[in-house]
Each structure stands twice: as C-alpha cells, then as structure tokens.
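Enquirer: Input: one structure, supplied below.
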Amino acid sequence: MKLDLKSRARKLKTDIPALFLSLKDKDTPLPAKISAFITVGYALSPIDLIPDFIPVLGYLDDVILLPVFIALTVKLIPREKIDKYRREAEKIWQDGKPKKWYCAIPVVIVWGLVIYFIIRCIVKG
C-alpha cells in the first residue's frame, strides 16, 4: 500500500494528536509513552536537529525523521489502542484546528528541559 505525499501528510496530521492522546492513557506501555513524548515534543517544537535554513538538508528531518519517530512509536502501541486514538484524533480535526491550550504542554516541557540543562552546564562550567 503506497501512500502519496498528500495522504502521508494527512496521516501525520492524525497520528501526532493520536500519539498525544496515547500519553494520557494509563494503559499505554511505558516505552510507548516515552517515545510518544519525544515524538510529539519534537513535532511541536520549533527546534530541529537540522535547522530549516540549511538548503535541502534542513527539511530532511521533517520529511524523514518525524515519520520515522511516528512509525516507531505507533509500533510500540497496541494496534487496537492506536486505532482508537486515531479515531479520537480525527474528531479533533473535524471542527478545524484544535483550540485546547494543553496541547502546548509537550513543547513547554521540552523547552524547559533544554533551558534547564543549558543553564546547568553554564553554571557548572
């Protein structure tokens, strides 16, 4: 089953919120939660491993790394659970963009950790 670029983009639009929903479920295995946290944080974070201003290479992380992170995380979540999360995620997008403020929590946490470790390294250095 080969997906075209538009179908893949639509799938990402559903999978990222589905992974966020998996974080809230107590039945999601811990390795899947850790992977989902990293994936959602990376997807929502303005920080990229390869900055976008670098020609060609800058967009490789968005085109290759993010789908790989998502695929890995989806494999760690039981099939019936990820299907449930995807259905819930589709409902979120039916009324347009999500307007819930708590969707920013993973980004805030990732930024907070980055700032904490930078400050910690500067103070100890």
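The values are calculated or read from the model by the stated rules, or taken from the named source; none is laboratory data. Remember, predicted model here, so these are calculated numbers, not experimental data. Cβ atoms come from the backbone with ideal geometry, glycine included; neighbour counts cover every protein chain shown.
Enquirer: Regarding LYS33, is this residue farther than 18 Å from VAL107 by Cα, among the basic types (Lys, Arg), in a helix (DSSP H, G or I) and at pLDDT 90 or above?
Expert: The answer is no for LYS33.
Enquirer: Quick check, is ILE16 in contact with a helix residue (DSSP H, G or I) (Cβ under 6 Å, 6 or more places away or on another chain) and modelled with pLDDT of 85 or more?
Expert: Values: in contact with a helix residue (DSSP H, G or I) (Cβ under 6 Å, 6 or more places away or on another chain): yes; modelled with pLDDT of 85 or more: yes.
When the stated conditions are applied, ILE16 passes them.
Enquirer: Go through segment 47-95 and count every residue that is within 13 Å of the chain's Cα centre (by Cα), in contact (Cβ under 8 Å) with a residue 40 or more places away in the chain and in a loop (DSSP other than H, G, I, E, B).
Expert: Of the residues in segment 47-95, 1 are within 13 Å of the chain's Cα centre (by Cα), in contact (Cβ under 8 Å) with a residue 40 or more places away in the chain and in a loop (DSSP other than H, G, I, E, B).
Enquirer: Conditions first: (1) in contact with an Asp or Glu (Cβ under 8 Å, 6 or more places away or on another chain); (2) surrounded by 11 or more Cβ atoms within 10 Å (Cβ to Cβ); (3) of a type in the set (A, V, I, L, M, F, W, C); (4) modelled with pLDDT under 85. LEU49 passes all but one, so which condition is the exception?
Expert: All conditions pass for LEU49, except number (2).
Enquirer: If a residue must be in contact with a Phe, Trp or Tyr (Cβ under 6 Å, 6 or more places away or on another chain) and hydrophobic (A, V, I, L, M, F, W, C), how many such residues does segment 33-70 contain?
Expert: Qualifying residue count for the region: 1.
Enquirer: Continuing with this model, one more query. Among the residues of segment 64-76, are any more than 24 Å from TYR102 (Cβ to Cβ) and touching a Pro at 6+ places or on another chain (Cβ under 9 Å)? Talk me through it step by step, then tell me what you get.
Expert: Start the filter on segment 64-76 by keeping residues that are more than 24 Å from TYR102 (Cβ to Cβ), which leaves 64-65, 67-68, 71-72, 75.
With the extra rule that they be touching a Pro at 6+ places or on another chain (Cβ under 9 Å), the set shrinks to none.
Checked against the condition, which is being more than 24 Å from TYR102 (Cβ to Cβ) and touching a Pro at 6+ places or on another chain (Cβ under 9 Å), segment 64-76 yields no hits at all.
Enquirer: Just give me the residues in segment 73-125 being in contact with a helix residue (DSSP H, G or I) (Cβ under 8 Å, 6 or more places away or on another chain), aromatic (Phe, Trp, Tyr) and modelled with pLDDT of 75 or more, in sequence order.
Expert: TYR85
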